[in-house]
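Reading through the C-alpha coordinates given below for one structure.
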Amino acid sequence: MSAPAPGTRRLVVAGALLDDLARPRLLLAARRHRPAALAGRWELPGGKAEPGERPVQALRRELREELGVEVEVGAELPAADPEGWPLSPALVMRVWWARVSAGWPEPLEDHDELRWLGEGGWEGVDWLAGDLPVVRGLLAALPGP
Ligand code: 523
(Lines give C-alpha, C1' and ligand atoms only; values in the text may rest on other atoms or scores of the structure.)
Protein backbone atom coordinates (compact mmCIF):
# COMPACT_ATOMS: atom_id res chain seq x y z
CA MET A 1 0.00 0.00 0.00
CA SER A 2 1.49 3.40 -0.90
CA ALA A 3 1.61 6.17 1.67
CA PRO A 4 -1.29 8.64 1.58
CA ALA A 5 -0.54 11.99 -0.02
CA PRO A 6 0.35 14.61 2.63
CA GLY A 7 -2.63 16.43 4.10
CA THR A 8 -5.27 14.03 2.75
CA ARG A 9 -6.02 12.24 6.00
CA ARG A 10 -8.66 13.52 8.39
CA LEU A 11 -7.20 14.75 11.69
CA VAL A 12 -8.28 13.14 14.96
CA VAL A 13 -7.12 14.76 18.20
CA ALA A 14 -6.83 13.01 21.56
CA GLY A 15 -5.80 13.74 25.12
CA ALA A 16 -3.47 11.74 27.35
CA LEU A 17 -5.27 12.90 30.49
CA LEU A 18 -3.13 12.64 33.59
CA ASP A 19 -3.64 13.24 37.27
CA ASP A 20 -0.57 15.49 37.29
CA LEU A 21 1.39 16.87 34.31
CA ALA A 22 4.65 17.23 36.22
CA ARG A 23 4.58 13.85 37.94
CA PRO A 24 2.14 11.60 36.09
CA ARG A 25 0.88 8.45 37.72
CA LEU A 26 -2.66 7.99 36.41
CA LEU A 27 -3.75 7.95 32.76
CA LEU A 28 -7.42 8.12 31.75
CA ALA A 29 -8.67 5.39 29.40
CA ALA A 30 -12.18 5.52 27.89
CA ARG A 31 -14.11 2.48 26.69
CA ARG A 32 -16.15 3.01 23.53
CA HIS A 33 -19.65 1.67 23.24
CA ARG A 34 -20.13 2.85 19.66
CA PRO A 35 -19.79 2.24 16.78
CA ALA A 36 -20.30 -1.52 17.14
CA ALA A 37 -16.97 -2.27 15.43
CA LEU A 38 -15.09 -0.41 18.20
CA ALA A 39 -17.37 -1.29 21.15
CA GLY A 40 -15.52 -2.59 24.19
CA ARG A 41 -12.14 -1.26 23.06
CA TRP A 42 -10.35 1.50 24.97
CA GLU A 43 -9.02 4.78 23.63
CA LEU A 44 -7.49 8.08 24.60
CA PRO A 45 -10.54 10.35 24.52
CA GLY A 46 -10.89 12.79 21.63
CA GLY A 47 -12.42 12.97 18.18
CA LYS A 48 -12.24 14.51 14.74
CA ALA A 49 -11.15 18.11 14.30
CA GLU A 50 -13.57 20.12 12.19
CA PRO A 51 -12.19 21.56 8.95
CA GLY A 52 -10.40 24.81 9.78
CA GLU A 53 -10.55 24.21 13.53
CA ARG A 54 -7.27 24.65 15.42
CA PRO A 55 -6.21 21.23 16.72
CA VAL A 56 -5.86 22.21 20.39
CA GLN A 57 -9.23 23.98 20.21
CA ALA A 58 -10.70 20.78 18.75
CA LEU A 59 -9.16 18.81 21.63
CA ARG A 60 -10.74 21.13 24.21
CA ARG A 61 -14.13 20.91 22.45
CA GLU A 62 -14.03 17.11 22.17
CA LEU A 63 -13.08 16.62 25.83
CA ARG A 64 -15.81 19.05 26.89
CA GLU A 65 -18.39 17.18 24.77
CA GLU A 66 -17.22 13.64 25.52
CA LEU A 67 -16.25 13.95 29.18
CA GLY A 68 -17.68 17.25 30.44
CA VAL A 69 -14.31 18.63 31.51
CA GLU A 70 -12.06 21.62 30.85
CA VAL A 71 -8.40 20.80 30.44
CA GLU A 72 -4.95 22.28 30.77
CA VAL A 73 -3.13 21.17 27.61
CA GLY A 74 0.55 20.30 27.86
CA ALA A 75 3.09 19.23 25.25
CA GLU A 76 2.24 17.21 22.19
CA LEU A 77 3.53 13.63 22.06
CA PRO A 78 5.63 13.64 18.89
CA ALA A 79 4.94 10.92 16.35
CA ALA A 80 7.38 9.47 13.82
CA ASP A 81 5.16 10.80 11.03
CA PRO A 82 5.06 14.62 11.21
CA GLU A 83 1.28 14.50 10.53
CA GLY A 84 0.70 12.33 13.58
CA TRP A 85 -0.03 8.76 14.61
CA PRO A 86 -1.63 6.70 11.83
CA LEU A 87 -5.07 5.26 12.64
CA SER A 88 -6.13 4.12 9.17
CA PRO A 89 -5.45 5.14 5.56
CA ALA A 90 -7.98 7.95 6.06
CA LEU A 91 -7.23 9.08 9.64
CA VAL A 92 -4.20 10.42 11.48
CA MET A 93 -4.16 11.31 15.20
CA ARG A 94 -2.31 13.98 17.18
CA VAL A 95 -2.04 13.54 20.96
CA TRP A 96 -1.35 16.01 23.78
CA TRP A 97 -0.60 15.47 27.44
CA ALA A 98 -3.37 17.14 29.41
CA ARG A 99 -4.81 17.53 32.88
CA VAL A 100 -8.38 18.11 34.00
CA SER A 101 -8.64 21.68 35.24
CA ALA A 102 -12.39 21.79 35.90
CA GLY A 103 -15.07 19.13 36.27
CA TRP A 104 -14.84 15.40 36.79
CA PRO A 105 -14.73 13.16 33.69
CA GLU A 106 -17.93 11.30 32.90
CA PRO A 107 -18.75 9.13 29.87
CA LEU A 108 -21.24 11.44 28.15
CA GLU A 109 -21.21 10.32 24.50
CA ASP A 110 -19.15 7.57 22.85
CA HIS A 111 -18.03 5.83 26.05
CA ASP A 112 -19.63 3.61 28.66
CA GLU A 113 -16.75 3.41 31.11
CA LEU A 114 -13.77 5.52 32.12
CA ARG A 115 -10.82 4.16 34.04
CA TRP A 116 -7.80 5.83 35.62
CA LEU A 117 -4.92 3.45 34.92
CA GLY A 118 -2.26 3.43 37.62
CA GLU A 119 1.50 3.15 37.42
CA GLY A 120 2.45 -0.10 35.72
CA GLY A 121 -1.07 -0.52 34.37
CA TRP A 122 -1.15 1.78 31.36
CA GLU A 123 -1.03 -1.11 28.89
CA GLY A 124 -3.54 -3.14 30.87
CA VAL A 125 -6.70 -2.49 28.85
CA ASP A 126 -7.67 -3.58 25.34
CA TRP A 127 -6.62 -0.41 23.53
CA LEU A 128 -7.76 0.30 19.97
CA ALA A 129 -5.04 -0.80 17.56
CA GLY A 130 -4.07 2.78 16.72
CA ASP A 131 -3.87 3.82 20.38
CA LEU A 132 -1.55 1.06 21.60
CA PRO A 133 1.62 2.50 19.98
CA VAL A 134 0.63 5.90 21.34
CA VAL A 135 0.35 4.54 24.88
CA ARG A 136 3.76 2.91 24.46
CA GLY A 137 5.07 6.27 23.26
CA LEU A 138 3.60 7.94 26.35
CA LEU A 139 5.28 5.40 28.61
CA ALA A 140 8.60 5.90 26.83
CA ALA A 141 8.30 9.67 27.28
CA LEU A 142 7.62 9.54 31.04
CA PRO A 143 10.28 11.06 33.25
CA GLY A 144 12.41 8.48 35.03
CA PRO A 145 11.99 7.73 38.76
N1 523 B 1 -10.06 6.96 17.11
C2 523 B 1 -9.06 6.11 17.55
N3 523 B 1 -8.45 6.42 18.72
C4 523 B 1 -8.77 7.52 19.45
C5 523 B 1 -9.79 8.39 18.99
C6 523 B 1 -10.19 9.61 19.77
C7 523 B 1 -10.43 8.06 17.80
O8 523 B 1 -8.73 5.09 16.90
N9 523 B 1 -8.10 7.76 20.59
C10 523 B 1 -10.77 6.65 15.85
C11 523 B 1 -12.14 6.08 16.10
C12 523 B 1 -12.91 6.54 14.90
C13 523 B 1 -12.24 7.84 14.49
O14 523 B 1 -10.96 7.84 15.10
O15 523 B 1 -12.71 5.60 13.86
C16 523 B 1 -13.01 9.10 14.86
O17 523 B 1 -13.15 9.15 16.26
P18 523 B 1 -14.52 9.57 16.95
O19 523 B 1 -15.63 8.71 16.44
O20 523 B 1 -14.28 9.60 18.41
O21 523 B 1 -14.65 11.03 16.43
P22 523 B 1 -15.93 11.95 16.37
O23 523 B 1 -16.77 11.68 17.59
O24 523 B 1 -15.49 13.34 16.13
O25 523 B 1 -16.61 11.34 15.07
P26 523 B 1 -18.03 11.63 14.43
O27 523 B 1 -19.01 11.08 15.42
O28 523 B 1 -17.94 10.81 13.15
O29 523 B 1 -18.10 13.10 14.21
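The values are calculated or read from the model by the stated rules, or taken from the named source; none is laboratory data. None of the values given here were measured: they were computed from a predicted structure. Here Cβ is always computed from backbone atoms with ideal geometry, including for glycine, and neighbour counts include all displayed protein chains. Just so you know, the surface numbers come from the protein's heavy atoms only, side chains and all, with ligands and any DNA or RNA stripped out. Shrake-Rupley method; radii C 1.70, N 1.55, O 1.52, S 1.80 Å.
Below is a table of values for the structure above.
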quantity: Rg and Dmax [Cα atoms of the chain; Å; Rg one decimal, Dmax integer]; calculated: 14.4, 44
quantity: Solvent-accessible area per residue for the chain (1.4 angstrom probe, square angstrom); calculated: 52 Å²
quantity: Point-to-point label distance, Thr8-Leu91, nm (Cα→Cβ direction, 7 Å offset); calculated: 1.9 nm
quantity: Relative packing of peptides 6-14, 112-120, 80-88 - highest average C-beta neighbours within 10 Å first; calculated: 6-14, 80-88, 112-120
quantity: Carbon + sulfur, % of accessible area of region 18-79 - ligands and nucleic acids excluded, 1.4 Å; calculated: 50 percent
quantity: Förster radius 30 Å - calculated FRET efficiency between Val56 and Asp19 (Cβ-Cβ, nearest 0.05); calculated: 0.90
quantity: Percentage relative contact order, region 28-145, counting C-alpha pairs under 8 Å, at least six apart; calculated: 30 percent
quantity: Nonlocal amide H pairs with Met93, under 5 Å, H built at 1.01 Å; calculated: Val12, Trp85, Leu87
quantity: Region 62-78 and region 34-60: distance between their alpha carbon centers, rounded to Å; calculated: 11 Å
quantity: Spacing of the two label points (7 Å from each Cα toward its C-beta) at Arg41 and Asp112, in nm; calculated: 1.6 nm
